[in-house]
Amino acid sequence: MSRGHGQLRQSQVITTYGPGALLDLPDQAAIVAGLDSWPSTGELEEVIDERLAGLVGTVTGVHLPRMFAPPPEPRDPWSSARGIGAWSFPEWFVVQDDDGDPERRRSRRLAHRRALDDRGRFDGKLVVPTRFVRACPRGHVDDLNWSGFVHRGGERCGRQLWLDERGTTGDLSELVVRCECGKSRRLYEATEFEHRPLGTCRGKRPWLGLDTDEECDQPSRLLIRTASNAYFAQVLSALSLPDRGSAVEQAVRELWDDLQIVDNADDLQFIKKKPKVTDGLSEFADDEVIAAIGQLKSGSVGDRPVKVAELEALLAAPEGYGDDIPVDPDFHARRLPDAAWREPESGLSGDVEAVVQLHRLREVQALIGFTRFEAAMRDIHGEYDTDVERAEIAIEPRWFPAVENRGEGVFVHLRQDAVGEWLTRPAVIQRLDRLVDQHEAWQRDRRRQRPFPGGPYIMLHTLAHLLIQSMSMRCGYPASSIRERVYVEDDNYGLLLYTGTPDAEGTLGGLVQQARHLEGHLGNALEMALLCSNDPICAQHATGDGMEQRFLHGAACHGCALIAETSCEMRNDYLDRALVVPVLGVSEAAFFPSP
């Protein structure tokens, strides 16, 4: 295995090209190496967020995990670069035979890395990495056994292998693997993985280096290296919002640099030899302090999910216009007075309780693993199940790569009684029953079950997508730069639209000012949602119709409610315009009236 050279942004390492990702460098194809090949943690900048670190530890099982940012580009051109590892992969190549014969260009030889000369050529000709590899859902990836495939597992003759194109589209059905012994096989047959045409997965983990194989009994599947299903990063995120905890929790937080090593009463007694620790904890019993420390280490206060703590901080924002000096550079939120945004004559905002401007916020994202072929979905609390299968990004992970983004946002809080009354309507109940049936149909052929998120979540999720499209027209940020967080916690319902950048200064304020124009954005979003360019097909979509198999969509498609997956916390699943605004054929299930 040889190393490759190229450049990536820090944020790309977390979301798109983390350890195990397949990518094309300027001169070769590569797989991003695991954390064991990165610079030592002493050379990296630590990213500190207690709540997210606790959540990472809970999900991964790693005790007291730490988080570090990927190495940045050197500020000075003469400074030595500190990069992350990348191994050359795959090891099979297609020879660029081009001697003027058109038939020759459509029939190319396959060559292994060991057959190349010192200049990386085969028989003096250029080679390019093959775009086909084999993988399994557990993240393992390996070169195709081309000889074994064409000989159907039988005796292999060792003669030259060819890849023939018998068409002009590049479709798998037009590609044939051929051996000079006369055997041939269409590459399309490799997609029928239930018959194991590529054999059983060998548990290869080339991103972790040599001799890192593990046992695996999954059938190998054909994978195109550059396909969108080749890498799904599992990213956990949290907003650095102040916890409104008890007095003992606040005291422990203030002394966290000293108390984070405490696991029991003996440790606490040792640390309390420091005068500042003794003074800070003098009002509390030792068992109270140890309990508070344990809660912080587990990533929650009082066993609260991350989103619950965030929602409490958002709802506790004092009223104001945000023109005061921020006390906390990571979080500055003010509930906008009704007179600044509400327009009673429009009638659209009657079910909106409050609008909060987040003039400053800090989001931390951490990469904990990845999957292939199918993404592991988070629940409505933004968390993965602890038993979700994922490929490891280090042989024995003790820390995880993370980035912090600073930006701004707008939080919209709906009235509890309005949502409760909406859920009792017969038309809403009927619509939700249909969505539940579609959800259960989607789960039928899947090993891992996922709970139905509920009507309020789907309604808020769809509304968030519609507002993102509206606000992006006026805030100065493209829709793909605005992200969502949907909150359905303890009969509180809200959505946060925010944007952020790794730059230390954050963003420019264009989004946060859209809170003053919420009425206009609501009207615009609802008006756009009334009629989709694909109606009536979109509005009357049913899973059983045709071959769409869009089980997790109601009245939603790319013409109306779907947005960039980088903006959506549910990968564009669980959307239905009919729960937000009246649509063709479903007019009684909407939360909002027609604008």
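Amide H contacts of D97: R109, each under 5 Å away and 5 or more positions distant or on a separate chain (H built 1.01 Å from N in the peptide plane; Pro and chain starts excluded). In terms of its Cα atoms, the chain spans 80, 70, 45 Å along the principal axes, sorted from long to short.
3J(HN,Hα) along the stretch 144-152, derived from phi through the Karplus expression 6.51 cos²θ - 1.76 cosθ + 1.60 where θ = phi - 60°, amounts to 5, 8, 4, 5, x, 5, 6, 8, 6 Hz, with x in place of Gly and Pro.
Summing Lys and Arg as +1 and Asp and Glu as -1 over all other residues whose Cβ lies under 14 Å from the Cβ of C181 gives a net charge of +4.
How large, in percent, is the carbon and sulfur part of the accessible surface of the stretch 386-433 at a probe radius of 1.4 Å? All intermediate terms of the calculation are to be shown ahead of the outcome.
Details: 1010 of 2090 Å².
Answer for the stretch 386-433 is 49 percent, counting heavy atoms of protein chains only.
Output the antiparallel fraction of DSSP beta bridges having both residues in the chain, as a percent to the nearest 5. Around 95 percent antiparallel, to the nearest 5.
The overall shape of the stretch 109-226, judged from the alpha-carbon gyration tensor, is oblate: a/c is not under 1.5, and a/b is no greater than b/c.
Once you have the alpha carbon radius of gyration of the stretch 373-529, what is it after dividing by 2.2 N^0.38 Å, with N set to its residue count? Show your work: numbers first, answer last.
Details: Rg = 18.5 Å, N = 157, 2.2 N^0.38 = 15.0 Å.
Scaled against compact globular proteins, the figure is 1.23.
Scanning residues 5 or more positions from A238 or on other chains, those with amide H under 5 Å from its amide H are V364, with H placed 1.01 Å from N in the peptide plane. Considering helices alone, the calculated mean residue ellipticity of the chain at 222 nm is -6500 deg cm²/dmol, with DSSP H runs of length four and up weighted by -39500 (n - 2.57) and normalised per residue.
Taking only the Cα atoms of the stretch 1-73, the radius of gyration and Dmax are 14.0, 42 Å.
Hey, can you find the accessible area per residue of the chain for me, probe 1.4 Å, expressed in square angstrom?
Values: 27600 Å² over 595 residues.
Spelled out: the 1.4 Å probe surface of the chain, per residue, equals 46 Å².
The values are calculated or read from the model by the stated rules, or taken from the named source; none is laboratory data. These numbers were taken from a predicted model, which means no experiment stands behind them. FYI the Cβ positions are ideal-geometry reconstructions off the backbone, even for glycines, and counts take in every protein chain you see. Remember, those area values only see protein heavy atoms, side chains included, never the ligands or the DNA or RNA. Shrake-Rupley method; radii C 1.70, N 1.55, O 1.52, S 1.80 Å.
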